[in-house]
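The values are calculated or read from the model by the stated rules, or taken from the named source; none is laboratory data. The model shown is predicted, which means the values in this text are computed figures rather than measured ones. Neighbour counts are summed over all protein chains in view; Cβ atoms, including those assigned to glycine, are modelled from backbone coordinates with ideal geometry. These accessible areas exclude ligands, DNA and RNA; they are computed on the full protein's heavy atoms, side chains included. Shrake-Rupley method; radii C 1.70, N 1.55, O 1.52, S 1.80 Å.
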Amino acid sequence: MPIVILMPALSPTMTEGNLAKWLKKEGDEVRSGDVLAEIETDKATMEVEAVDDGKIGRILVPEGAQGIKVNAPIALLLGEGEDASTLAAATPETPPAASLPQEQVQSPPPPVAPEPARAVPAASAEVRGNGRVFASPLARRMAQQAGLDLAAIRGSGPQGRVVKADIVAALSATPVAPAPAPFRPAEAAPLGAPSAPVQSKERVAALAGNPPYTERPLNAMRRVIARRLTESKQTVPHFYLTTDCEIDALLKTRGELNAKSDAYKISVNDFVISAAALALRQVPAANASWSDDAILLWDAVDIAVAVALDDGLITPIVKAADRKGLAAIANETKDLVARARAGKLKLEEFQGGTFSISNLGMYGVRDFAAVINPPQGGILAVGAGEQRPVVKNGALAVATVMSCTLSCDHRAVDGAVGAQFLAAFKKLVEDPLTMLL
């Protein structure tokens, strides 16, 4: 009996995926451990390996198919001694056409244009008991813009509902109102006289057929981001603390360290990662998560770093960041960011983390507040370093200042704990040599 290859669950949050590429074709021999295909999850593109030996008998889901549910059949594997004649009995139900690439799905026949609606008595429209005409929101808006009476239009939708096609048809059968003459005081309407906005049927039809926006289809990553961040803002009680860090000494130390070797290139963000990790080690109560049964105080300090992608966001993790030097953090972060943008991260490289950092300083953002990534208890939002006036020893001076805002889950991290973390972080940033000890 052929073995059914199923769409795997490649992450705890994965419910569906896209089949990006088949690396084996029908008739190919495979061994356990061979890579069969590349699957796009909500966070990355990952390889799927064969579990059994055999030969690819039939590919059920083509390359480019999207929205394939976890555990849906994607291929059939013939075992030793089996031939193609056994495939017919083993072929599962064909995946729904919605999961196939658009160019491989047969398009439905074009809809038949509705017969132009004519002005009819008001009773011809579906009217509810309260006198309101039964119409779609779009049809109602189009009718208002065109100055049409909905009650005079026969609806072609379910239960006589007036829909967009009815409005377009009515416009094609209705004389266009002449353009209003230029305003003159002597011709002004009496105060309080009713008026209705009149637009040309060409404009209304253009709005109906060519809306003033471009739809960008939602991919799996964007759907997960929307779901998780909405959940975070609705269920996690955020509070925010901001501190200003002078980074002139940090910039000087960075320049001196980078001049000593070509084996690394330390960025300001690498200093931020190191300072945050060491501050969490000094204030372990801030390295916490909330659960329904207890507050979890993490032993490891794993820093998730937000990386912007063309179609979303991903947070690769610098693990045990408090135990790594600046050069190691710099090289690891550079590698993680490159592979994140190429979609080549492994599951364990972006799942988890105990604390997050989001840095928008490179875009010139002065300060902002980031949304917590549950179940983590905090995220640090880092702004741009810019020259600002400061008071030193009673005199006005200029320093390079970087604003950092900490978002905390108030269920797990109290205000005093958040303040202690920021104080430790600020001290490390402003005295960067202490990170090297």
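Roll a 1.4 Å probe over the protein chains and send me the accessible area per residue for segment 1-80 in Å².
That works out to 47 Å² for each residue.
Please tell me which of these pairs span more than 18 angstrom C-alpha to C-alpha: Lys265/Lys346; Lys233/Lys346; Lys392/Lys427? Could the numbers behind the result be given before it?
Values: Lys265/Lys346 24 Å; Lys233/Lys346 28 Å; Lys392/Lys427 16 Å.
The answer is Lys265/Lys346; Lys233/Lys346.
Evaluate the charge dipole of segment 378-437 about its Cα centre and quote only its size in Debye, nearest 20, assuming +1 on the Cβ of each Lys and Arg and -1 on the Cβ of each Asp and Glu. Mind dumping the intermediate values first?
Details: 5 positive and 5 negative charges, 23 e Å.
In debye, rounded to 20, segment 378-437 gives about 120.
Assigning unit charges at the beta carbon (Lys, Arg +1; Asp, Glu -1) and nothing else, what dipole magnitude in debye, to the nearest 20, does segment 229-360 show about its Cα centre?
Charge dipole of segment 229-360: 420 debye, to the nearest 20.
Based on alpha-carbon centroids, what's the gap between segment 326-372 and segment 224-249 in Å, whole number please?
Segment 326-372 and segment 224-249 have Cα centres spaced 15 Å from each other.
In nm, what is the difference between 0.36 nm times the number of residues separating Leu87 and Arg222 and their Cα-Cα distance?
In short, 44.9 nm is gained.
Between Asp248 and Arg323, what is the FRET efficiency for a Förster distance of 35 Å, r being their Cβ-Cβ separation, to the nearest 0.05?
0.80
Over segment 1-78, with every protein chain in place, what whole percent of the accessible area is carbon and sulfur at 1.4 Å, could you tell me?
Summing carbon and sulfur atoms, their accessible area is 47 percent of the total for segment 1-78.
Given 0.36 nm per residue, what is the gain on full extension from Thr15 to Thr214 after removing their alpha carbon distance, in nm? Don't skip to the end; give the middle numbers.
Numbers: separation 199, 0.36 × 199 = 71.64 nm, distance 2.73 nm.
Extra length from Thr15 to Thr214 when fully extended: 68.9 nm.
Can you give the Kirkwood hydrodynamic radius of segment 295-388 from its Cα pairs, in Å with one decimal? Before the final figure, lay out the partial values.
Numbers: mean 1/r = 0.0707 Å⁻¹.
Its Kirkwood hydrodynamic radius stands at 14.1 Å.
Which FRET efficiency value, to the nearest 0.05, is calculated for Glu26 and Asn71 with the Förster distance at 25 angstrom and r the Cβ-Cβ distance?
Details: r = 22 Å, r/R0 = 0.87.
Rounded to the nearest 0.05, the efficiency is 0.70.
For segment 299-437, with every protein chain kept in place, what is the accessible area per residue (1.4 Å probe, Å²)?
Computed with neighbouring chains in place, this is 45 Å² per residue.
At a 1.4 Å probe radius, carbon and sulfur cover how many percent of the accessible area of segment 323-437?
Numbers: 3040 of 5440 Å².
With neighbouring chains kept in place, the figure for segment 323-437 is 56 percent.
Could I have the simple spin-label model distance between Val4 and Gln420, label points 7 Å from Cα toward Cβ, reported in nm to one decimal?
It is 5.5 nm.
If each of Lys346 and Val391 carries a label point 7 Å out from its Cα toward its Cβ, how far apart are those two points in nm?
About 5.4 nm, to one decimal.
Using +1 at the Cβ of each Lys and Arg and -1 at the Cβ of each Asp and Glu in segment 257-381, identify which of Ala288, Gln351, Val337 lies farthest towards the dipole's positive end.
Value computed over the given set: Val337.
Add +1 for every Lys or Arg and -1 for every Asp or Glu among the other residues with Cβ under 14 Å from the Cβ of Glu386, and state the total.
Local net charge: -2.
With a point put 7 Å past each Cα toward its Cβ, work out how far Glu231 is from Glu63 in nm, to one decimal.
3.4 nm
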